[in-house]
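In what follows, a single structure is set out as structure tokens and then discussed.
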Amino acid sequence: MHPSERLKGLDVFVCVADAGSFTAAAERLHLTASAVGKSIARLEERLGRRLFHRTTRRMSLTEAGIAFHRTCIAVLADLEEAEVSLRAEDAEPSGRVRIDLPAAFGRLQALPIILGFAQAYPLARPQVSFSDRFIDPVEDGVDILVRIGGPDSWSTQLEHRLLGHERHVFCAAPAYLAAHGVPATLQDLEAHRCIAYGRADGSISPWRFAAATPGEVDHRVIPSPLVVGDGEGQVTAALVGCGIVQLPTWLVRSHLEDGALMEVLPDLASEGLPLTLAWMKSRQDLPTVSLLLDALAEGLAPRIR
């Protein structure tokens, strides 16, 4: 069979699967319901498998149909991307680009870069989402990911670039330190009121301390009367004098600069998690994606130092 023959009927199949009936698909494709039904019948005959369960009220995909639908979506998406890439050569960046960002870091550090990009290229249509879990960009249709930390290994469908590591510092409001004293050692810190980070499962995230060996980090859970499950919430608690907090510099830099927070125990400050920029290989040559990647790489690296 000629390769081009294998593409026949794929668009009709996907449309029927999405629309739920021959009639609805026919309206979308500007065909007759009979023509749509014959196209599906030919496709099933060629494949030797039934793709749909048919009843008088509705249609649903068989197990084979579900698997084939997933493959067809990927094939048609690759064809569309190839066409878009060819049309976009030497053209102004345009079209949708999906970006998923860590919640706090994304809002404070990455979003301003993306908004500047959108203003510079009005035909580009960034679609930004925020999540702290590691999503599957293939399944979720995401073009670009920014992640603090990340998986142990990256999908072969992704390219990724390490932009640097966070710097974790200890800080508190001047009023708190005036009332409770400035800790000089780790033992002093354990006697203070500390503001911990709590995970969704109820566990407490350990604090990171610079170890005696350069480049090494010790982890320890510090007894904390206050646990907050959000970095910006921890900042708010520290600003009103609830205690000492450990946070990345990108989250507290402005407060340290204006004196609302003061750094303590600088010798125990440590390197934090890696900041990684990742993207779909299949989308990287599209001007909108490649230029936004450049903007994020150039803009984010200095923000975590």
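Net charge around P137, counting only other residues with Cβ within less than 9 Å of its Cβ (Lys, Arg = +1; Asp, Glu = -1)?
Numbers: positive: R98; negative: D100, D136, E139, D140, D143.
Net local charge, P137 excluded: -4.
What order, most packed first, do the peptides 18-30, 246-258 have when packing is the mean number of other Cβ atoms within 10 Å of each residue? Please list the in-between numbers first.
Values: 18-30: 15.6, 246-258: 18.0.
Per-residue Cβ counts within 10 Å, averaged per peptide and sorted highest first, yield 246-258, 18-30.
Would you pull out the residues with amide H under 5 Å of L226's amide H, same chain only if 5 or more places away, H placed 1.01 Å from N?
Answer set, sorted by chain and number: C194, A196.
In a shell of Cβ-Cβ distance under 10 Å around A104, excluding A104 itself, what net charge do Lys and Arg (+1) and Asp and Glu (-1) give?
Values: positive: R107; negative: D132, D230, E232.
Net local charge, A104 excluded: -2.
Between the range 92-133 and the range 24-74, what is the separation of their alpha carbon centroids in Å?
What the calculation gives is 36 Å, centre to centre.
State the antiparallel share, in %, of DSSP beta bridges confined to the chain, rounding to the nearest 5. All intermediate terms of the calculation are to be shown ahead of the outcome.
Working: 29 of 43 bridges.
Restricted to the chain, the bridges split so that about 65 percent are antiparallel.
In deg cm²/dmol, rounded to 500, what helix-only [θ] at 222 nm does the chain give when every DSSP H run of at least 4 residues adds -39500 (n - 2.57) and the total is split over its residues? Display every interim value, and only then the final one.
On the way: 11 runs with 117 residues, N = 305.
My calculation for the chain gives -11500 deg cm²/dmol from helical runs alone.
Mind running the shape call on the range 149-193? Use the C-alpha gyration tensor, a ≥ b ≥ c as the square roots of the eigenvalues: rounded below 1.5 for a/c, prolate if a/b tops b/c, oblate otherwise. Could the numbers behind the result be given before it?
Values: a/c = 4.85, a/b = 3.46, b/c = 1.40.
Because a/c hits 1.5 or more and a/b exceeds b/c, the range 149-193 counts as prolate.
Looking at the range 224-277, I'd like the Rg to Rh ratio, where Rg is from alpha-carbon atoms and Rh is Kirkwood's inverse mean 1/r.
Details: Rg = 11.7 Å, Rh = 12.3 Å.
Ratio of gyration radius to Kirkwood radius for the range 224-277: 0.96.
What is the Cα radius of gyration of the range 134-209 over 2.2 N^0.38 Å, N being its residue count? Each step should come with its number before you reach the end.
Working: Rg = 18.8 Å, N = 76, 2.2 N^0.38 = 11.4 Å.
Taking N as the residue count of the range 134-209, the ratio is 1.65.
Taking the Cα-to-Cβ direction at H165 and at A301 and moving 7 Å from each Cα, how far apart do the two end points lie in nm?
1.7 nm
Could you work out the pair-distance distribution P(r) of the range 162-305 from its alpha-carbon pairs, with 5 angstrom bin width and percents rounded to whole numbers?
P(r) over the range 162-305, rounded to whole percents: 2, 9, 17, 19, 18, 12, 8, 6, 4, 2, 1, 0.
Within the accessible area of the chain, what % is carbon and sulfur when the probe is 1.4 Å and the other protein chains stay in place? Can you show the working numbers first?
Numbers: 8600 of 16530 Å².
Carbon and sulfur atoms account for 52 percent of the accessible area of the chain.
From the C-alpha coordinates alone, can you work out the Kirkwood hydrodynamic radius of the chain, in Å?
Numbers: mean 1/r = 0.0432 Å⁻¹.
One over the average 1/r among Cα pairs gives 23.2 Å for the chain.
Rounded to the nearest 10 degrees, what's the angle between the helix 33-47 long axis and the longest principal axis of the chain, both from Cα atoms, 0 to 90?
For 33-47 against the chain, the angle is about 80 degrees.
A269's amide H: which non-local residues (gap 5+, or another chain) put their own amide H closer than 5 Å, with H modeled 1.01 Å from N in plane and none for Pro or chain starts?
Those qualifying (amide H under 5 Å, at least 5 residues apart or on another chain) are A210.
The values are calculated or read from the model by the stated rules, or taken from the named source; none is laboratory data. A quick note: this is a predicted structure, and the numbers were derived from the prediction, not measured. Ideal geometry is used to build each Cβ from the backbone, glycine not excepted, and the neighbour counts take in all protein chains shown. Ligands, DNA and RNA are excluded from the accessible area calculation, which covers all protein heavy atoms including side chains. Shrake-Rupley method; radii C 1.70, N 1.55, O 1.52, S 1.80 Å.
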